[in-house]
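The values are calculated or read from the model by the stated rules, or taken from the named source; none is laboratory data. No experiment lies behind these values; they were computed from the predicted model shown. No Cβ is skipped: glycine too gets one built from the backbone with ideal geometry, and neighbour counts run over all protein chains shown.
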Amino acid sequence: MSDEPDLNFDIDALFEHLTGNLDQNLEEVQEWTFSFRSSDFAILEQVGQELEDEFLVHLQESVEEIDEEGDSSLGDPMLILAQQAALSRDEVKAIAARMQQLADQHSLIYEGVECYEPIDEEEIFGWLEPEDAGWRLRHMTDCGLEENEELPWTFLVVTPSLEATSSTTTALDAAGYDDRDDYDEPDEDGNYGTCIFISGRNNEPELMTTAEKITKIAQKNGGRLAGIQFYTREDLIELFGDAEETE
């Protein structure tokens, strides 16, 4: 039996870990999540509805579980209640006690509390490095997005000239990446942009493979992959405004 404290239930140990090992400033707003499991999805949904005025509610109809041998299977549904706040140790203990009582009342399995540094809006909406995009997918999954659920992928490629843009887009067309917006006006750094839109899904290996292919095409033609996001074309226009496309 391990002598290590269970950080999902030992609030004192959790606070010491967050401040001592992770250097999180718990006087600032953090994202606190409290999780439940049950074979009865309807009960989880009911509890979520009862608490939706106090917490952000994330429901997962099934959760992928991986055993010690690496085999995966689908586990029971999960309810995650999230709250962004600067909570004291005693406040977290009080909420955790309330969650345990709630679990006992509804015959749920309470899986404890976790704490994350919140992602600011710039980090959410800005272009992501491939590694960060993979992390974002894992965060989406933790928050309830099903594995392999449909999800738009957008890749931003930048090139130093219109000539490089032309050769890059020709290569992208040949590789089947023809759903794009190609911009003929340079940004403040003098680079030209191409946004590639792909009907993707919540699958990190597939996302990384696609990123590698686009990176190779861009580099071969003098450009680079500047970032990844999970936008539709409409999302992109709403966030950053429209731009004139090349003919």
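At-a-glance table
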item	result
Residue, surrounded by the most Cβ atoms within 10 Å (Cβ to Cβ), within segment 1-17, restricted to residues that are modelled with pLDDT under 95 and among the hydrophobic types (A, V, I, L, M, F, W, C)	LEU7
Residue among GLY190, GLY222 that alone is free of Cβ contacts under 8 Å to residues at least 40 places away in the same chain and surrounded by fewer than 17 Cβ atoms within 10 Å (Cβ to Cβ)	GLY190
Residues (under 15 Å from TYR231 (Cβ atoms) and at pLDDT 90 or above) located in segment 138-173	GLU150, LEU151, PRO152, TRP153, THR154, PHE155, LEU156, VAL157
Pairs where the first residue, in segment 71-99, is surrounded by 18 or more Cβ atoms within 10 Å (Cβ to Cβ) and the second is part of a helix (DSSP H, G or I) and of a type in the set (Phe, Trp, Tyr), C-beta under 6 Å, 6+ apart	PRO77/PHE41
Any hit, segment 174-183, residues being of a type in the set (Gly, Ala, Ser), at pLDDT below 95 and in the same structural domain as GLY227 (by TED's automatic domain parsing)	no
